[in-house]
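S.K.: Below you'll find the structure I mean.
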Amino acid sequence: MVRDGYFYALGLIVVAVLLWQLTGSKGIGVIPLILAVFFLWFFRDPARRIPTGPGEIVSPGDGKVTEAEWIETPDGSRLRISIFLNVFDVHVNRSPIEGTVTSVNHKHGLFLNAMRADSNVLNEQNVVVIEHGDCSVQVKQIAGLLARRIVCTVKPGDRLQRGQRFGLIKFGSRVDVLMPADANLRVRRGDRVRGGSSILAVVPQNSACDDGSSAAVAEA
């Protein structure tokens, strides 16, 4: 459970008790109690089995793959995978690879529907770059129509393990992952993925992103 869930739920329980005491009706407190249960469920943070095979890049979040394509950037060709998180998905974000955080940049913006193709440019967002040797993977946390707060708990210089938690986006949102163009895609548009456990792509052995991990599975 993410700590925020307890804060939201406790506040709503207090509201329910106050309404009951002020009105003398237990029924009027049902709505805040239902919302309290929803927030406890929404901020769930289940353990995940983290793949540790060589060169595997895992999903940074739960949701539906809306884009999986190669694009041109100022730094050359990159593979971009976009994942839409609806309000019913787990919203904890996890690192796609093992590596060091080299930059964290927050950009103010709009709160358009995260399903829109231009939301990755126009919306409020936070960009985290993780490097492993010469390999660079970028994770973009993008706010959506309902999401009004992006949480990122890492800073440049921090070391992350594959599948390690680094933040969350509150309510419906989107995450984009930019990775090396030579990565072998393992998902397609419309697939459902799980943060930390679903493999999005695998980079060839001996490439920059291949960390030489064994095929064991970790729980986190």
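The values are calculated or read from the model by the stated rules, or taken from the named source; none is laboratory data. Remember, predicted model here, so these are calculated numbers, not experimental data. Quick reminder, even Gly has a Cβ in these numbers, built from the backbone with ideal geometry, and neighbours come from all protein chains shown. Heavy atoms of the whole protein, side chains included, go into the accessibility calculation; ligands, DNA and RNA do not. Shrake-Rupley method; radii C 1.70, N 1.55, O 1.52, S 1.80 Å.
S.K.: If we scan segment 108-117, do we find a residue that is at pLDDT 95 or above, surrounded by fewer than 18 Cβ atoms within 10 Å (Cβ to Cβ) and assigned to a strand (DSSP E or B)?
M.R.: Taking every residue of segment 108-117 in turn, none turns out to be at pLDDT 95 or above, surrounded by fewer than 18 Cβ atoms within 10 Å (Cβ to Cβ) and assigned to a strand (DSSP E or B).
S.K.: Given the residues Leu79, Leu85, Leu33, which is the only one that is more than 19 Å from the chain's Cα centre (by Cα) and at negative phi?
M.R.: Values: Leu79 fails: more than 19 Å from the chain's Cα centre (by Cα); Leu85 fails: more than 19 Å from the chain's Cα centre (by Cα).
Every option except Leu33 fails the conditions.
S.K.: Could you list all residues from segment 133-163 that are polar (S, T, N, Q) and crowded, with 18+ Cβ neighbours inside 10 Å?
M.R.: Result: Ser136, Gln138, Gln141.
S.K.: Kindly list the number of the only condition in (1) open to solvent by 70 Å² or more (accessible area, probe 1.4 Å); (2) more than 16 Å from Ile81 (Cβ to Cβ); (3) modelled with pLDDT of 90 or more that fails for Arg192.
M.R.: (2)
S.K.: Need the failing condition index for Ile130 against (1) open to solvent by less than 10 Å² (accessible area, probe 1.4 Å); (2) more than 12 Å from the chain's Cα centre (by Cα); (3) farther than 14 Å from Arg94 by Cα; (4) not charged (D, E, K, R), just the number.
M.R.: Unmet condition: (3).
S.K.: Okay, next question. So which residues in segment 181-202 are within 15 Å of Gln138 (Cα to Cα) and in contact with a Leu (Cβ under 7 Å, 6 or more places away or on another chain)?
M.R.: If the condition is that a residue be within 15 Å of Gln138 (Cα to Cα) and in contact with a Leu (Cβ under 7 Å, 6 or more places away or on another chain), then Ala181, Ala183, Ala201 are the ones that fit.
S.K.: Confirm whether Phe166 is open to solvent by less than 80 Å² (accessible area, probe 1.4 Å), within 14 Å of the chain's Cα centre (by Cα) and in the same structural domain as Phe84 (by the TED database). First the steps, then the outcome.
M.R.: Details: open to solvent by less than 80 Å² (accessible area, probe 1.4 Å): yes; within 14 Å of the chain's Cα centre (by Cα): yes; in the same structural domain as Phe84 (by the TED database): yes.
Criteria met by Phe166.
S.K.: Also: Could you grab the pairs with beta carbons closer than 6 Å, sequence gap of 6+ or different chains, first residue in segment 107-136 and in contact (Cβ under 8 Å) with a residue 24 or more places away in the chain and closer than 16 Å to Thr66 by Cα, second one open to solvent by less than 30 Å² (accessible area, probe 1.4 Å) and part of a loop (DSSP other than H, G, I, E, B)?
M.R.: Pairs that qualify, where the first residue is in contact (Cβ under 8 Å) with a residue 24 or more places away in the chain and closer than 16 Å to Thr66 by Cα and the partner is open to solvent by less than 30 Å² (accessible area, probe 1.4 Å) and part of a loop (DSSP other than H, G, I, E, B), are Ala114/Gly144.
S.K.: If you don't mind, there's one more thing I want to ask. Being part of a strand (DSSP E or B), assigned by the TED database to the domain that holds His108, under 11 Å from Arg94 (Cα atoms) and in contact with a strand residue (DSSP E or B) (Cβ under 8 Å, 6 or more places away or on another chain) is the requirement here; does Gly195 meet it?
M.R.: So Gly195 does not fit the description; no.
S.K.: Being within 27 Å of Leu200 (Cβ to Cβ), at pLDDT 95 or above and in contact with a Cys (Cβ under 7 Å, 6 or more places away or on another chain) is true for just one of Ile81, Ile97, Ile50. Which residue is that?
M.R.: Ile97
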